[in-house]
């Protein structure tokens, strides 16, 4: 029997998954990781878009500050 998990917990796990994946394989395109997270954690399109915004803003902040991602 599957365990029902709140959508917010799934989103937190998706963020952790993408963050870890970017550390382990920095060359992996963000789009691929977003797609993988959306499927793996059964995210809604709205959650997927929020996740993408979060990581795109982080990339932009890192590029503006000169800090490597």
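Determine the calculated [θ] at 222 nm for the chain from helices alone, applying -39500 (n - 2.57) to every DSSP H run no shorter than 4 residues and normalising by the residue count; nearest 500 deg cm²/dmol.
Computed ellipticity for the chain at 222 nm equals -24000 deg cm²/dmol.
What percent do you get for the relative contact order of the chain when only Cα pairs under 8 Å and 6+ apart count?
Once divided by the residue count of the chain, the mean separation gives 30 percent.
Quick one: 12, 23, fewest Cβ neighbours within 10 Å first, how do they rank?
The fewest-first ordering by Cβ neighbours comes to 23, 12.
In the Gaussian network model of the chain, springs joining C-alpha atoms below 10 Å, which of 24, 47, 35 carries the largest mean-square fluctuation?
Of 24, 47, 35, the Gaussian network model singles out 24 as fluctuating most.
Read-outs: derived from the displayed coordinates by stated rules, not from any lab. This structure is a prediction, so every number in the text was calculated from the model and none was measured. Note that each Cβ is placed from the backbone with ideal geometry, even for glycine, and that neighbours are counted across all protein chains shown.
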